[in-house]
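The values are calculated or read from the model by the stated rules, or taken from the named source; none is laboratory data. A quick note: this is a predicted structure, and the numbers were derived from the prediction, not measured. Virtual Cβ from ideal backbone geometry, glycine too; neighbours counted across all protein chains shown.
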Amino acid sequence: MAGLLRSVGLDVKLFSSTQQFLDYPRPDAPGCLVLDVRLPGVGGLDLQSQLVRSDIHLPVVFITGHGDIPMSVQAMKAGAIEFLTKPFRDQELLDAIQLGIERDRRRRRDGEVVRELQGRFQSLTAREREIMAHVVTGRMNKQIASDLDVSEITVKVHRGHVMRKMGAGSLAELVRMADKLGIRSTP
């Protein structure tokens, strides 16, 4: 299997046990973990659960010669990309791994975007954060001013600062940013 993966240009790391994998420093690069359900020591399904509990986000493709429907359902509910039973076609495995790598690449890219947005959000003053929370709910300046017991011009000034500091070109863009940051308000 390692030869097949290398033949299509994938960098492959092999591990003789789940503990060896857990002890190995993971590279800061998109990846995908191919697991057999039956492994020495901790089994593949248990390792997948351990990864989820440890907040390790690495896509998993399962392969097995001893799978059944409940195992497959458990693996997929826990986020597995694919559950392949042996014998499987090489292309099925390659497609599943490529999908996993692409998902990991997207997750990493999205994480970078959120970290950048968090940095911008941290640059806001407490009042600007408060104004932003109201703005993204669709409240008008007059309503926000009334809610916060400030003048409408104060809201407009802070709103302008929020838009500039967050790098938002429109209200819709600011709303998308707030959504990615998990900002909710109940004005």
Which is charged (D, E, K, R) and within 15 Å of the chain's Cα centre (by Cα), of 46, 55, 90? 55
Every pair of residues 6+ apart whose Cβ atoms lie under 7 Å, when the first sits in the stretch 132-145 and is closer than 21 Å to residue 120 by Cα while the second is of a type in the set (D, E, K, R) and surrounded by 16 or more Cβ atoms within 10 Å (Cβ to Cβ): 135/159
Within the stretch 108-116, can one find any residue that is over 30 Å from residue 82 (Cβ atoms) and part of a helix (DSSP H, G or I)? yes
So residue 55 clears everything in (1) loosely packed, with under 11 Cβ neighbours inside 10 Å; (2) of a type outside the set (Ser, Thr, Tyr); (3) within 21 Å of residue 87 (Cα to Cα) except one condition, right? Which one? (3)
Look at the stretch 40-78 and say how many of its residues are in a loop (DSSP other than H, G, I, E, B) and farther than 24 Å from residue 108 by Cβ. 8
Among (1) surrounded by 11 or more Cβ atoms within 10 Å (Cβ to Cβ); (2) of a type in the set (A, V, I, L, M); (3) over 20 Å from residue 173 (Cα atoms), which single condition is residue 132 missing? (3)
Checking residue 37 against (1) without any contact (Cβ under 8 Å) to a residue 12 or more places away in the chain; (2) crowded, with 17+ Cβ neighbours inside 10 Å, which test does it fail? (1)
Residues that are touching a Pro at 6+ places or on another chain (Cβ under 8 Å) and not in a helix (DSSP H, G or I), drawn from the stretch 126-166: 137, 139
Go through the stretch 5-22 and give me each residue that's among the aliphatic types (A, V, I, L, M) and exposed (fewer than 13 other Cβ atoms within 10 Å of the Cβ). 8, 12, 14
Selection from the stretch 69-87 of residues that are exposed (fewer than 15 other Cβ atoms within 10 Å of the Cβ), over 19 Å from residue 56 (Cβ atoms) and hydrophobic (A, V, I, L, M, F, W, C): 69, 73
Given the criteria hydrophobic (A, V, I, L, M, F, W, C), at pLDDT below 95 and surrounded by 14 or more Cβ atoms within 10 Å (Cβ to Cβ), does residue 101 qualify? no
Looking at (1) closer than 16 Å to residue 66 by Cβ; (2) touching a residue at least 40 places away in the same chain (Cβ under 8 Å), find the lone condition where residue 45 falls short. (2)
Of the residues that sit in the stretch 1-39 and are in a loop (DSSP other than H, G, I, E, B), at pLDDT 90 or above and of a type in the set (Gly, Ala, Ser), which one is farthest from residue 55 (Cα to Cα)? 9
Out of the residues in the stretch 40-52 that are surrounded by fewer than 18 Cβ atoms within 10 Å (Cβ to Cβ) and of a type in the set (Gly, Ala, Ser), which is farthest from residue 93 (Cα to Cα)? 41
